[in-house]
Amino acid sequence: MKVLAVDYGKKRIGLALGDTLLKIASPLCVLKNNGGVIEKINELVNEYKVSLLIVGLPLTPRGLKGQRAEEVEEFIKTLREKLPQDVEILTWDERYTTKEADWLLKELPQIKRKKIRDSVSAYVILKEYLESL
């Protein structure tokens with residue numbers, strides 16, 4: 001089954017694509033979080049025949065939901081309204097994924113790292129999910 005991971009941010013949204021049967025994941029792209037982002041995600045869901053979205057949920061270090069988690073849950077509500085009904089949406093604890101993404105990108109210059117960090121964070125979310133299967 002094709003899976004799209006989403007690392008939500010107010011300015012940028014990182015995406016990664018994977019497959020549950022092959023248990024592979026790769027960074028896909030970074031979208032600007034603007035008025036057309038839901039439609040672009042819908043296009044990617046259709047293009048790649050995605051059946052499952054994994055959305056990173058930014059919990060506090062204690063594992064609680066804060067304001068950022070509430071923003072992500074609002075984003076998920078909008079996704080549920082706009083995406084095909086047969087696409088399942090799950091959340092995944094994304095604590096420390098940005099730090100892991102930074103570690104993976106440590107050899108790149110800062111400017112390149114900033115451009116792809118969000119998609120690599122989505123990759124980390126998806127990698128963790130696939131490893132849990």
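The values are calculated or read from the model by the stated rules, or taken from the named source; none is laboratory data. The structure presented is a predicted model; accordingly, all values stated were derived computationally and were not measured. Because the Cβ atoms are built from the backbone with ideal geometry, glycine has one as well, and the counts that use them run over all protein chains shown.
Of all residues being of a type in the set (A, V, I, L, M, F, W, C) and either part of a helix (DSSP H, G or I) or crowded, with 17+ Cβ neighbours inside 10 Å (or both) in the range 119-133, which is nearest to the chain's Cα centre (by Cα)? Just the residue, please. Give the steps one after another, and end with the answer.
As a first pass, look at the range 119-133 and keep what is of a type in the set (A, V, I, L, M, F, W, C): 120, 122, 124-126, 130, 133.
Okay, now just the ones that are also either part of a helix (DSSP H, G or I) or crowded, with 17+ Cβ neighbours inside 10 Å (or both), so 120, 122, 124-126, 130.
Details: Val120: 9, Ala122: 4, Val124: 9, Ile125: 7, Leu126: 7, Leu130: 13 Å.
Selected residue: Ala122.
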**Fill in**
Log entry, pairs with first residue in the range 61-88 being more than 16 Å from Val50 (Cα to Cα), second being part of a helix (DSSP H, G or I), beta carbons closer than 7 Å, six or more apart or on different chains, reads Thr78/Ile38
**Request:** Output the number of the condition that Thr97 fails; it satisfies all remaining conditions of (1) at pLDDT below 95; (2) within 15 Å of the chain's Cα centre (by Cα); (3) farther than 19 Å from Ser132 by Cα.
**Result:** (3)
